[in-house]
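The values are calculated or read from the model by the stated rules, or taken from the named source; none is laboratory data. All values derive from a computational prediction rather than experimental measurement. All Cβ positions, glycine included, derive from the backbone under ideal geometry; neighbour counts span all protein chains shown. Each accessible area value is taken on the protein alone, full model and side chains, heavy atoms only, with ligands, DNA and RNA left out. Shrake-Rupley method; radii C 1.70, N 1.55, O 1.52, S 1.80 Å.
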Number of protein chains: 2
Amino acid sequence: MPEHQTVAIVGVGLIGGSIGKALRERKLADKVIGIGRREETLKKAKAAGAVDHTTTDLKEGISEADLIVLATPVQTIVRTMDEVASACRKSAWVTDAGSTKEHIVQSAEKAFRDAGPYFVGSHPLAGDHRTGPEHARADLFEGRTVVVTPTDKSDQKAISRITDFWQSLGAKVETMTPAEHDQRIAVVSHLPHLVAAALASATPEKLLPLAASGWRDTTRIASGDPQLWQEIFATNRASALEALETFEHKLAELKAALGNSDDARLKANLEGAKRIRDALGN
Amino acid sequence: MPEHQTVAIVGVGLIGGSIGKALRERKLADKVIGIGRREETLKKAKAAGAVDHTTTDLKEGISEADLIVLATPVQTIVRTMDEVASACRKSAWVTDAGSTKEHIVQSAEKAFRDAGPYFVGSHPLAGDHRTGPEHARADLFEGRTVVVTPTDKSDQKAISRITDFWQSLGAKVETMTPAEHDQRIAVVSHLPHLVAAALASATPEKLLPLAASGWRDTTRIASGDPQLWQEIFATNRASALEALETFEHKLAELKAALGNSDDARLKANLEGAKRIRDALGN
C-alpha cells in the first residue's frame, strides 16, 4: 500500500525530479504530479520518469494531493506559500526542499496559521552542481541527511509524517529549529559557495590550462546556478556573513604565518585543517 | 629499444612511484631504480610494481643512471642537489617533479654549473590528496600537463630529452620560465590550498554531519600532507601572498554585496565566477 496516494511536487528540477523518481521507483505513491512554470521542464521531468502527470497550474496540481513538496528556489517557495495554503486540501501534509529555512518556515506559519494543512520545513543535503530534471536520480537521497525543521507550533503528527517521508526515500533525518539550520548550513554550505566563487573569480582564464584537480575540486560549486544562490544568500544574509568572518579570521592566520615566514605556525595551521577534513573522510 | 636504459627515481611516493610504474608498463626503461630514505616505502614501491631495484644509498642509486628524476618534497630536492650533481654520470639527464621551481632550478644551476649533467626542472600537474607509492598509477600523467621550466642557461638537447620523457608517459608539456611557473601555479594550486585549509579550519567538527558534497569538494585538498605543503609555501611565499591578495579582494566584493543587500551585484559576481569555472569543464 503506497504511503501517499497522491504527491504533488512543485518545481521539478534536480531535487523535485529526484523526489519524484524515488517515489515512483519505490512505489510509494499512486500518482506523482509535477508542477512547474515551464512546459519544457515538465516535459523533461516526464521523460526522465520523475512524474506521472504534469501541469503549469499550481492550484489544480496541488488540489488533490495528500502530500505536497515545494521544491522551487527559496524565494519562489516564499512567494507561492499563500496560494499553496489556500488551494491545498485541509488534510494535506506540506513540506519543502529549500536551502534556507527561517524565511520559508515563517512564511508558512503565516500562511497556514489556521488548523491544517500541516507544514514542516525540510532541507535535503543532497544536490549537485548540475541542475534540471534530466539529472534527477532516484537514489539522490539514499544515505544522505535531510534536515527537518519543526518549530514549537508544528503539529507532532506532521513532524512524524514528514520525517517518515524522507526516510522512505532512503535519507537520514536530523531535526533542528529553522534558526539552528540556517546558522549551521551557512558554515558548511553557504560559506563554501562564497569561497569557491571568489577563488574562481581570482583566476585569470588564461591560467585554466594549468588548473589541476585541486583547483577543480575547490571551485566546483562555483558552477551552481547564480540565481538560486543569490536567493539562498538573500534569505540567510546574517549567518552567511558571520560564517564568512570566521573564515576570514582563519585565512588571516595562514596569511600571517606565510608572510612572517613562520613555517612552524603555517604547518600547525595546515595540520589543524587536515584533522578536520580527515574527520569527514573522502 | 628503451628510451632510457637506466632511470633512477629519488623519492618513490605517489609521483615517483607513478613515474616508475608508467616507465615499466610502457617498457621505456631497462631498469628503474627507486631511491628513498625509508626501507618501508621502498618495499611498498617494489610491491606496487613501481621499481625494479631499491636502495637507501643516493650516490649508489644514481651512479649508473641515464636519467634521474628527483621526486622528493621540494626542500629535500634543494638539499640533495649538490650530492646528486657530484655523484651522477656526466652524461646523465636530470629533472625533478617539485611543485615550485625557482628555488629548485637555482640550486640546480649552482650545483650543475660545469659541463653536464644536464638539469631541466619539471612540475607534473598531476597528483592526489592521497600520497605514498601504494596509490601510484601508471596512468597518472596521461593527458595531464607537465610544466617544464628551462632557463637561458639550459642545454637545448636537455630540454628536448626532458620534454620527450614526460610525453612518453602520456603527458602534455607546457614550457615556461621557473618564475612564470611559480607565479601562475600560486594562483591555480597554492591559493586553493590556503583557501581549502582556511575553510576546513573555519568548520566546527560537530557540524561535519551536515557537510554535503559542496563542503567535501571545496575542502578536499586540505587533506594534503602539511609538511609537503609547508615546504611548497616556503619556496613560493611572495607569489602565494600575491594570489591570496587577489582572492581577498574578490571575497570582499562578495561580502560587500551580501552585507549591502545588493542582490544584483551578488548575482553578477556569482555569474562571473560561474563563467570562469564553466570554461574549464567538470
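Quick check on my filter: what residues within the stretch A:263-282 are open to solvent by less than 10 Å² (accessible area, probe 1.4 Å) and within 31 Å of the chain's Cα centre (by Cα)? Result: A:L270, A:A273, A:R277. Would it be correct to say that B:E60 is within 24 Å of B:A158 (Cα to Cα), modelled with pLDDT of 95 or more, open to solvent by 90 Å² or more (accessible area, probe 1.4 Å) and not aliphatic (A, V, I, L, M)? Yes; evaluated as a whole, the condition is true for this residue. Which ones in the stretch A:173-211 are within 14 Å of B:G272 (Cβ to Cβ) and outside any helix (DSSP H, G or I)? Residues satisfying the conditions are A:A202, A:T203, A:P204.
Within the stretch B:108-130, restricting attention to residues that are more than 21 Å from the chain's Cα centre (by Cα) and open to solvent by less than 60 Å² (accessible area, probe 1.4 Å), the residue that is modelled with the highest pLDDT is B:A111. Looking across the stretch B:165-183, the residues that are charged (D, E, K, R) and more than 13 Å from B:F141 (Cα to Cα) come down to B:E174, B:E180, B:D182. Scanning the stretch B:12-33 for residues that are open to solvent by less than 10 Å² (accessible area, probe 1.4 Å) and within 14 Å of B:D96 (Cα to Cα) yields B:V12, B:G16, B:G17, B:S18, B:I19, B:G20. Checking each residue in the stretch B:235-262 for being closer than 15 Å to A:H193 by Cβ and open to solvent by 10 Å² or more (accessible area, probe 1.4 Å) picks out B:K250, B:E253, B:K255. Taking the stretch B:212-224 as the range and being buried (at least 22 other Cβ atoms within 10 Å of the Cβ) and part of a helix (DSSP H, G or I) as the test, the residues that pass are B:G214, B:W215, B:T218, B:T219, B:R220, B:I221, B:A222, B:S223.
Only one of B:A202, B:A238, B:A186, B:A179 is modelled with pLDDT of 95 or more and facing chain A (nearest Cβ under 7 Å); which? Exactly one of B:A202, B:A238, B:A186, B:A179 is modelled with pLDDT of 95 or more and facing chain A (nearest Cβ under 7 Å), namely B:A202.
A:T95 meets each of the listed conditions (1) assigned to a loop (DSSP other than H, G, I, E, B); (2) of a type in the set (S, T, N, Q); (3) open to solvent by less than 20 Å² (accessible area, probe 1.4 Å) apart from (1). Scanning the stretch B:12-39 for residues that are under 18 Å from the mean Cα position of the chain (by Cα), farther than 13 Å from B:H53 by Cα and part of a loop (DSSP other than H, G, I, E, B) yields one hit, B:G13.
Taking the numbered list (1) at pLDDT below 95; (2) crowded, with 16+ Cβ neighbours inside 10 Å in turn, A:V105 passes all entries but (1). Does B:T56 fit the bill of being free of Cβ contacts under 8 Å to residues at least 24 places away in the same chain and more than 26 Å from B:S160 (Cβ to Cβ)? So B:T56 fits the description; yes.
Could you please give the count of residues in the stretch A:163-215 that are among the β-branched types (V, I, T) and free of Cβ contacts under 8 Å to residues at least 24 places away in the same chain?
Of the stretch A:163-215, the ones among the β-branched types (V, I, T) are A:163, A:173, A:175, A:177, A:185, A:187-188, A:195, A:203.
Now drop any that are not free of Cβ contacts under 8 Å to residues at least 24 places away in the same chain, which leaves A:163, A:188, A:203.
Final tally of qualifying residues: 3.
If the condition is being closer than 19 Å to A:L207 by Cα, out of contact with any helix residue (DSSP H, G or I) (no Cβ under 6 Å at 6 or more places or on another chain) and open to solvent by less than 70 Å² (accessible area, probe 1.4 Å), then the stretch B:146-173 contributes only B:A171. Within the stretch B:225-234, the set of residues being open to solvent by 10 Å² or more (accessible area, probe 1.4 Å) and at the interface with chain A (Cβ under 7 Å from one of its Cβ atoms) comprises B:P226, B:Q227, B:W229, B:Q230, B:A234.
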